[in-house]
Amino acid sequence: MADYHILLLGPPGAGKGTQAAKLCEKYDLDHVSTGDALRANKEMETEYGTPRSFMEAGELVPDEVVNEVLAAALEEANGYVLDGYPRNLDQVEYLDEATELDDVIFLDVDRETLVERLTGRRVDPETGENYHVEFDIPEDEAVRERLIQREDDEEDVVRERLEVYEENTEPVIQQYRETGELIEIDGTGTPEEVFDRIIDAIEE
Ligand code: AP5
């Protein structure tokens with residue numbers, strides 16, 4: 001599916017990164033994640049400061065910075081799964097001009113599950129792979145020992161990210177819902193169960 005374009009939407013911790021990796025593997029697509037791209041450039045000096053200052057506080061990085069990051073990532077990708085963008089209505093407009101989408105998928109997960117998933121997430125600093133202290137423990141002891149917690153996964157920052165999502169990104173979800181584009185998926189259950197639901201919906 002060389003030029004297939006999937007947009008994955010959902011609150012922080014909904015499983016966008018987890019499902020994007022599975023979709024990319026199944027359909028041979030590139031993963032475009034503004035969160036990952038910003039983390040790779042978090043010390044970049046911009047007129048607004050570094051991305052790090054916004055990310056550590058759980059705030060959105062200014063559109064001017066993120067739009068550039070997105071444009072560069074889309075230019076390199078052919079078929080892709082996009083995750084983390086758009087997060088406000090101005091970004092929806094920017095995305096509309098930049099590309100066309102085939103499927104817009106929303107992962108629906110309740111707030112307490114989100115908090116549990118995010119505060120328990122651990123990252124392997126060597127591979128960037130995500131794990132979870134309860135739901136996804138690495139088998140390799142060496143990997144288990146080197147896991148770290150993302151700075152924005154501490155509970156107070158998680159709660160701030162959820163507020164920022166409600167205020168800025170819920171209107172984005174509502175807009176795609178109103179245009180009839182939104183495929184709404186129950187994001188609870190195991191990663192495999194969620195993945196099967198997504199596949200059933202897009203191959204229907
Ligand atoms: P970003 O990295 O995009 O973070 P996010 O949207 O908050 O999403 P997460 O990566 O936290 O969660 P996810 O939905 O991918 O869940 P995951 O699969 O990892 O953005 C970070 C920051 O960058 C933002 O706060 C902002 O500052 C900035 N930024 C990024 N894009 C921007 C933009 N467009 N505009 C402005 N600023 C922007 O899963 C989470 C955990 O749950 C993992 O531990 C996983 O193992 C576990 N898990 C996943 N699925 C399941 C399941 N089904 N059952 C049990 N556990 C599960």
**OP:** Would you check which residues across the range 139-156 are over 25 Å from LEU74 (Cβ atoms) and within 11 Å of the ligand (Cβ to nearest atom) and list them?
**Re:** LEU147, GLN149, GLU151, ASP153
Original post:
Among the residues of the range 46-69, which ones are closer than 27 Å to GLU25 by Cα and more than 7 Å from the ligand (Cβ to nearest atom)?
Top reply: ASN67, GLU68, VAL69
Original post:
Among the candidates PRO171, PRO125, which residue alone is free of Cβ contacts under 8 Å to residues at least 60 places away in the same chain, open to solvent by 20 Å² or more (accessible area, probe 1.4 Å) and closer than 24 Å to LEU38 by Cβ?
Top reply: PRO125
**OP:** Run down ASP90, ASP110 and say which single residue is modelled with pLDDT of 95 or more, within 11 Å of the ligand (Cβ to nearest atom), acidic (Asp, Glu) and under 18 Å from ILE173 (Cα atoms).
**Re:** ASP90
Original post:
Any idea which of (1) open to solvent by less than 60 Å² (accessible area, probe 1.4 Å); (2) among the charged types (D, E, K, R); (3) within 9 Å of the chain's Cα centre (by Cα) is the one LYS22 doesn't satisfy?
Top reply: (3)
Original post:
Which residues, counting only those in the range 24-46, are touching a residue at least 12 places away in the same chain (Cβ under 8 Å), acidic (Asp, Glu) and on the phi < 0 side of the Ramachandran plot?
Top reply: ASP30, ASP36
Original post:
On the given criteria, is ARG150 within 19 Å of ASN88 (Cβ to Cβ) and basic (Lys, Arg)?
Top reply: no
Subject >> Subset tally (residues that are in contact with a strand residue (DSSP E or B) (Cβ under 8 Å, 6 or more places away or on another chain) and open to solvent by less than 10 Å² (accessible area, probe 1.4 Å)) for the range 96-118 >> reply: 3
Subject >> Complete set of residues in the range 163-204 that are of a type in the set (S, T, N, Q), in a helix (DSSP H, G or I) and within 11 Å of the ligand (Cβ to nearest atom) >> reply: ASN168, THR169
Original post:
Which numbered condition trips up VAL104, out of (1) within 13 Å of the ligand (Cβ to nearest atom); (2) at pLDDT 95 or above; (3) of a type in the set (Val, Ile, Thr)?
Top reply: (1)
Original post:
crowded, with 18+ Cβ neighbours inside 10 Å, within 8 Å of the ligand (Cβ to nearest atom) and aliphatic (A, V, I, L, M), is that true of LEU82?
Top reply: no
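The values are calculated or read from the model by the stated rules, or taken from the named source; none is laboratory data. The structure displayed is predicted, hence computed values, not measured ones. Don't worry about glycine lacking a Cβ; one is built from the backbone with ideal geometry, like all the others, and counts go over all protein chains shown. What goes into the accessible areas is simple: the full protein's heavy atoms, side chains included, and nothing from ligands, DNA or RNA. Shrake-Rupley method; radii C 1.70, N 1.55, O 1.52, S 1.80 Å.
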